[in-house]
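Each reported figure results from applying straightforward, stated rules to the coordinates on display, with no laboratory input. Since this is a predicted model, take the numbers as computed values, not measurements. When we count neighbours, we look across all protein chains shown, and the Cβ atoms used for this are built from the backbone with ideal geometry, even at glycine.
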Amino acid sequence: MKNIVIFGAPGAGKGTQSDFIVEHYGLTHVSTGDLLRKEIADQTELGKRIKSIMDAGQLVSDDIVIEMMDKAIANDTKGMLFDGFPRTVAQAEVLDKLLAKYGRELTCMVQLEVPKDELMRRLLERAKIQGRADDNEATINNRLQEYNSKTKPVADYYAAQGKQKLIDGLGTIEDIAARIRQAIG
Ligand code: B4P
């Protein structure tokens, strides 16, 4: 059973490539961003608390996303693709413990590498199409800062475990999908 993390800066193509990976390997896709946006759309108590945090481009607290992930792993039988999680080293450490709790381990972490100007271009392009509240220049800059200070160290965590697969995230969506399949095997 494969359990894979897809990792990269905002706009690196995590959500986009997730569709190809879950289809190819028959995995359950879990996106913390999608789960959190659903809480906001449904106007739950949690959604009301996290809306301003996400609109500002900051990370939601570890406790909230960890609880969501525990439930998602408990309900899964196929193997999972984690999209947007872990985003801090604390989340990465908990993911290892949660997988062990359910008798699993992480297969690998796929890291999409994309330069900053291209990240900005993609997210501003998406803003025109989808109008996501956090896809504007000021918020994108905050998200990139959060990524550099809190999320980037997660890459070293997986490199130290020998589980990091570095992927060039520039090119057509299909070419990148093929590179990922080759790296995962
Ligand atoms: P996410 O939903 O994970 O948003 P994201 O980082 O922007 O990635 P996304 O998957 O949507 O975009 P993609 O790169 O595929 O997180 C949003 C917020 O939720 C965070 O800021 C945070 O507040 C909160 N959050 C989520 N997880 C959390 C956690 N674990 N802990 C704490 N807080 C958390 O694609 C971007 C665009 O690029 C798309 O429009 C796509 O069409 C385009 N694109 C993709 N590949 C391309 C290519 N090859 N060429 C050209 N364009 C491409």
Return the long-range amide H neighbours of Gly84 (sequence gap of 5 or more, or a different chain), with a cut-off of under 5 Å between placed amide H atoms.
Ile6
For Asn142 and Leu124, compute 0.36 nm times the residue count separating them, minus their Cα-Cα distance, and round to one decimal in nm.
5.1 nm
Of the DSSP H helices in the chain, those whose Cα atoms cover at least 15 Å axially and whose Kyte score averages -0.5 or more:
62-74, 89-101, 173-184
Rg over Rh, two decimals, segment 47-101 (C-alpha only, Kirkwood Rh):
1.00
If we sort 71-79, 15-23, 173-181 on the protection proxy, mean other Cβ atoms within 10 Å, highest first, what's the order?
15-23, 173-181, 71-79
Distance check, please: which entries in Lys78/Lys163; Lys14/Lys163; Lys128/Lys152 exceed 24 angstrom between their Cα atoms?
Lys128/Lys152
In Å and on Cα atoms, what radius of gyration and Dmax does segment 3-184 show?
15.6, 43
Beta carbons within 10 angstrom, averaged per residue: use that to sort the peptides 82-88, 30-36, highest first.
82-88, 30-36
With the contact rule set at Cα under 8 Å and sequence spacing of 6 or more, what percent relative contact order holds for segment 3-184?
34 percent
